[in-house]
Amino acid sequence: MYAGIAIAVFVLVSVLVVLMVVRYRARADGQASRVTDAPRLEVFYVLALGAVAAFLVTFTFIHERKSDAALAAHRGLVVRVTASKWHWSFFYPASGVTELGTDTSPPTLFVPAHTNIDFRLISTDVIHAFWIPTTDFKRAAYPKYTQYFTLSFPNTGFIPRAGVCAEFCGLLHAEMRFNLDVMRPDQFAHWVATQRPPA
């Protein structure tokens, strides 16, 4: 999102600069340009830049509120996420279910829709980063330090390779991905029942 805004602002400013240079350049006969003092144009330029800056600041605060909400304490389903070179694993303490990934086979993060998911994120080796681009939320995974955050997923469906490691972590960094399967709550309960180890 920020990249698109940055490109739009760059194009707008570039076009305005080129227009001003071409229109108000010095004449070929050596005389001064047609406008030697343009206070109205300068005021407009300053106001336009102020409006762009105000929009970017507002957009940033809105995005930060989403991140802050994700870091607030909630009561929900707990999922322990472990990042390792170069795969993920997900453990559901309430049911004892584990989804293990390998370097060649990405695991699937199963979650119920419209439910607070309390994630506990840690790394076993180097710094990784848990990122699901559709959530607009990213969190670093550190060795020997647990990160806490809460997310919810409104739309059901299976998304292959939906999650990635967003921190370069070595040779197979680009392959460190996981699938996401957002289920209806009853479907998730059925999945847990079928995965739970026998007593």
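The values are calculated or read from the model by the stated rules, or taken from the named source; none is laboratory data. Treat the numbers as computed from the prediction; the structure is a model and nothing was measured. Neighbour counts are summed over all protein chains in view; Cβ atoms, including those assigned to glycine, are modelled from backbone coordinates with ideal geometry.
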_Selection within the stretch 84-103 - without any contact (Cβ under 8 Å) to a residue 60 or more places away in the chain and farther than 19 Å from Val192 by Cα_ = Ser84, Thr102
*With the checklist (1) touching a helix residue (DSSP H, G or I) at 6+ places or on another chain (Cβ under 9 Å); (2) under 16 Å from Phe90 (Cβ atoms); (3) modelled with pLDDT of 95 or more in hand, flag the one item Phe130 doesn't pass.*
(1)
*Name the pairs: first residue in the stretch 37-54 and closer than 16 Å to Val9 by Cα and at pLDDT below 75, second residue among the hydrophobic types (A, V, I, L, M, F, W, C) and part of a helix (DSSP H, G or I), Cβ to Cβ under 8 Å, at least 6 apart or on different chains?*
Tyr45/Leu16
*Could you please find all residues in the stretch 134-144 being modelled with pLDDT of 95 or more and hydroxyl-bearing (Ser, Thr, Tyr)?*
Tyr142
*Kindly list the number of the only condition in (1) at pLDDT 95 or above; (2) β-branched (Val, Ile, Thr); (3) out of contact with any strand residue (DSSP E or B) (no Cβ under 6 Å at 6 or more places or on another chain) that fails for Val111.*
(3)
*Which condition number in (1) surrounded by fewer than 20 Cβ atoms within 10 Å (Cβ to Cβ); (2) of a type in the set (Val, Ile, Thr); (3) in contact (Cβ under 8 Å) with a residue 12 or more places away in the chain is the one that Val81 fails?*
(1)
*For the stretch 127-140, state whether one or more residues are among the β-branched types (Val, Ile, Thr) and in contact with a Lys or Arg (Cβ under 7 Å, 6 or more places away or on another chain).*
no
_Can you pull out every residue in the stretch 116-133 that is loosely packed, with under 15 Cβ neighbours inside 10 Å and hydroxyl-bearing (Ser, Thr, Tyr)?_
Thr124
*asked:* What's the total number of residues in the stretch 134-186 that are of a type in the set (Gly, Ala, Ser), touching a residue at least 24 places away in the same chain (Cβ under 8 Å), surrounded by fewer than 16 Cβ atoms within 10 Å (Cβ to Cβ) and within 20 Å of Asp103 (Cα to Cα)?
replied: 1
*strands (runs of 3 or more DSSP E) contained entirely in the stretch 92-199, each with at least 2 residues that are more than 18 Å from Val81 (Cα to Cα)*: 157-165
